[in-house]
Protein chains: 2
Amino acid sequence: MEIIKTVDLMQQASDTIRMSGESIALVPTMGFLHEGHLMLMRAAKDHCDQLVVSLFVNPTQFGPNEDFEAYPRDTQGDLKKAEDVGADVMFMPSAKEMYPPGAQTSVVVKDLPQHLCGLSRPGHFDGVTTVVAKLFHIVKPHAAVFGQKDYQQLAVISRMVMDLDMDIQIIGVPTVREADGLAMSSRNSYLKPEERISALSLKKSLDLAQRLFREGEKKAQVVKDFVKSYILEHPYTEIDYITLCDPVTLEDVNTLSDGTLMAMAVRVGKTRLIDNGRLVK
Amino acid sequence: MEIIKTVDLMQQASDTIRMSGESIALVPTMGFLHEGHLMLMRAAKDHCDQLVVSLFVNPTQFGPNEDFEAYPRDTQGDLKKAEDVGADVMFMPSAKEMYPPGAQTSVVVKDLPQHLCGLSRPGHFDGVTTVVAKLFHIVKPHAAVFGQKDYQQLAVISRMVMDLDMDIQIIGVPTVREADGLAMSSRNSYLKPEERISALSLKKSLDLAQRLFREGEKKAQVVKDFVKSYILEHPYTEIDYITLCDPVTLEDVNTLSDGTLMAMAVRVGKTRLIDNGRLVK
């Protein structure tokens, strides 16, 4: 696996791959890789000849009171995991390489960020779309792979690619979970043992909503109230949002239907966790 | 010359050119081509193997009270001129092809548009950067050529390319003028004969400023006042702005120095004209 740290060298490497007739898949990550990331990489390898993984903890997508400094890092472990799964290139630029002084351009998706996590994380998605647009211009991939766990991020990036005519296939991969159902996340490393037990309430509440829907419940408010009470029964939990919404526009729905998205962000202790699922008949 | 009207076909054509090892230069235009555009095309041909010209009157860069509907159009004439100068592809999409329903993404440069034309044309440069980013993703050029007559546009696009790591060389071509000095512009076609005489005051005032600077004048305000009076001596003129500014940041300067940019927008009758030049020792 080749390690590349500058924009110029990455662009040259990608030009060489493209000119050889091979295709490139990109998996953008913030590192501290877990099985979820590795699944994205395996999906990427299924789609393209060459796998580029990027490792960059992007400062511009963290709010002033968020966990940028504390975000878990393990570069050596990440390199080994990416190599083991068969990545061809690891692109790991410095913050200075990505944001030299004077930078003043951003890519802004207007409506989709005005829902779900965008409400409690103002500016977050501008940071995401801008850094992903940059990574796309640097790595020049034919396809890029993102997890459905970050459902809104996947929706926003898909919208950006469509609106700006980027010739890149966006692939969404289903959420990978621990044996007990907890959605894999680098932030799970923050959880104390007793908090981890409460954290299981997120996935369980998704299953609960699914059961209510299958049993005939059509009112979003009823399901939301039920799920909210269920989560709050668990110690250390505090709800940021629970939303039942249209899976394309992310706008709230009053009436549930096949495919409605249920998404949530819940604090467990100091750790903010997200999860989501689609209601299926 | 091949005529292409859809995003998909243009991307395929560009992929084919790139895979053959040839380079692509793009000249984005809003049509009604004049000698200024043709100079951009010749410069493009000097830099790359294949010349793609785009023809798209971009609605999103016109304000609600601007001349989008009235903007001069001559598609048959444009096709002939581009072909005669040796363009390989004319990309001419419809507005519906460029902005399908639901589009909500824009590329925003923050500071540079807060000067010169950006002040009297709010949103104009967001429209420009967004459509140019789209054209770059569609045509996939190695180089793109813009006129220095639209100095701020060239600065904003150069900034976008740098900030978003687009692997595209931006080439600026000096302003092409009529024999009497008037900077070439599609909007010159709006001028009545008596207005056209007054319009010459723009270029003459640039020469005047240059002479004052060479004679030792260092105060921006003195030059600005002088030039302003000079232009207003001509009938039908109304000044939008006259600025003496830093050529990189576009911020006003008080003291003139080698390379200071003088830029102006002046209405002559109902026609808004722009011109600029750099002061040289």
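Just wondering, is there one or more residues in region B:96-111 that are hydrophobic (A, V, I, L, M, F, W, C) and within 17 Å of the chain's Cα centre (by Cα)? I'd like the intermediate steps shown before the answer.
Within region B:96-111, the subset hydrophobic (A, V, I, L, M, F, W, C) is B:98, B:103, B:107-109.
From the residues that got through so far, the ones that are within 17 Å of the chain's Cα centre (by Cα) too are B:109.
Checked region B:96-111: at least one residue is hydrophobic (A, V, I, L, M, F, W, C) and within 17 Å of the chain's Cα centre (by Cα).
Please go through region B:132-152 and pick out each residue that is within 10 Å of chain A (Cβ to nearest Cβ) and not in a loop (DSSP other than H, G, I, E, B). Matches in region B:132-152: B:ALA133, B:LYS134, B:LEU135, B:PHE136, B:HIS137, B:ILE138, B:VAL139. In the condition set (1) more than 16 Å from A:ALA144 (Cα to Cα); (2) within 14 Å of chain B (Cβ to nearest Cβ), A:GLU2 is compliant with all but (2). Take the residues of region B:153-186 that are within 24 Å of B:TYR241 (Cα to Cα) and within 14 Å of chain A (Cβ to nearest Cβ): which is surrounded by the fewest Cβ atoms within 10 Å (Cβ to Cβ)? Here the answer is B:SER158.
Sort out which residues of region A:60-97 are touching a residue at least 60 places away in the same chain (Cβ under 8 Å) and in a helix (DSSP H, G or I), and write them in order of number. Result: A:THR60, A:GLN61, A:LEU79, A:ALA82, A:GLU83, A:GLU97.
The rows are residues; the columns are (1) out of contact with any strand residue (DSSP E or B) (no Cβ under 6 Å at 6 or more places or on another chain); (2) loosely packed, with under 13 Cβ neighbours inside 10 Å; (3) part of a helix (DSSP H, G or I).
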site	(1), (2), (3)
B:LEU206	no, no, yes
B:ALA209	no, no, yes
B:ILE231	no, no, yes
B:ILE239	no, no, no
B:ALA263	no, no, no
B:ARG267	no, no, no
B:LYS281	yes, yes, no
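One residue stands out in region B:14-28 among those that are within 12 Å of chain A (Cβ to nearest Cβ) and on the phi < 0 side of the Ramachandran plot: the one that is surrounded by the most Cβ atoms within 10 Å (Cβ to Cβ), namely B:SER14.
For region A:63-80, a residue qualifies if it is buried (at least 19 other Cβ atoms within 10 Å of the Cβ) and not charged (D, E, K, R), and exactly one does: A:LEU79.
From the set of residues in region B:82-105 that are farther than 21 Å from B:PHE136 by Cβ and surrounded by fewer than 20 Cβ atoms within 10 Å (Cβ to Cβ), which is farthest from the other protein chains (Cβ to nearest Cβ)?
In the first step, residues of region B:82-105 are kept if they are farther than 21 Å from B:PHE136 by Cβ; the result is B:83-86, B:101-102.
Then keep just the ones that are surrounded by fewer than 20 Cβ atoms within 10 Å (Cβ to Cβ); that gives B:83-84, B:86, B:101-102.
Details: B:GLU83: 25, B:ASP84: 29, B:GLY86: 26, B:PRO101: 11, B:GLY102: 8 Å.
Across region B:82-105, the extreme among qualifying residues is B:ASP84.
Evaluate the following for B:ALA103: is it part of a loop (DSSP other than H, G, I, E, B), touching an Asp or Glu at 6+ places or on another chain (Cβ under 7 Å) and over 23 Å from A:VAL7 (Cβ atoms)? Yes; evaluated as a whole, the condition is true for this residue. Any residue at all in region A:35-43 that is more than 14 Å from every other protein chain (Cβ to nearest Cβ), outside any helix (DSSP H, G or I) and surrounded by 18 or more Cβ atoms within 10 Å (Cβ to Cβ)? No, that holds for no residue. Among residues of region A:106-122 being in contact (Cβ under 8 Å) with a residue 24 or more places away in the chain and part of a loop (DSSP other than H, G, I, E, B), the one that is farthest from the other protein chains (Cβ to nearest Cβ) is A:ARG121.
Within region A:181-193, does at least one residue satisfy the condition of being in a loop (DSSP other than H, G, I, E, B), among the hydrophobic types (A, V, I, L, M, F, W, C), without any contact (Cβ under 8 Å) to a residue 12 or more places away in the chain and not assigned by TED's automatic domain parsing to the domain that holds A:HIS124?
No, because not a single residue in region A:181-193 is in a loop (DSSP other than H, G, I, E, B), among the hydrophobic types (A, V, I, L, M, F, W, C), without any contact (Cβ under 8 Å) to a residue 12 or more places away in the chain and not assigned by TED's automatic domain parsing to the domain that holds A:HIS124.
Annotation: B:ASP275 fulfils all but one of (1) in contact (Cβ under 8 Å) with a residue 40 or more places away in the chain; (2) assigned to a helix (DSSP H, G or I); the unmet one is (2). Exactly one residue out of A:PHE32, A:PHE62, A:PHE68, A:PHE56 is aromatic (Phe, Trp, Tyr) and within 14 Å of another protein chain (Cβ to nearest Cβ), and it is A:PHE56. Of the residues making up region A:171-204, those that are closer than 15 Å to A:TYR236 by Cβ and of a type in the set (S, T, N, Q) number 3. B:THR260 fulfils the conditions (1) under 27 Å from B:ALA43 (Cβ atoms); (2) in contact (Cβ under 8 Å) with a residue 60 or more places away in the chain; (3) polar (S, T, N, Q) except for a single criterion, (2).
The values are calculated or read from the model by the stated rules, or taken from the named source; none is laboratory data. As the structure is a prediction and not an experimental result, all values here were calculated from the model. FYI the Cβ positions are ideal-geometry reconstructions off the backbone, even for glycines, and counts take in every protein chain you see.
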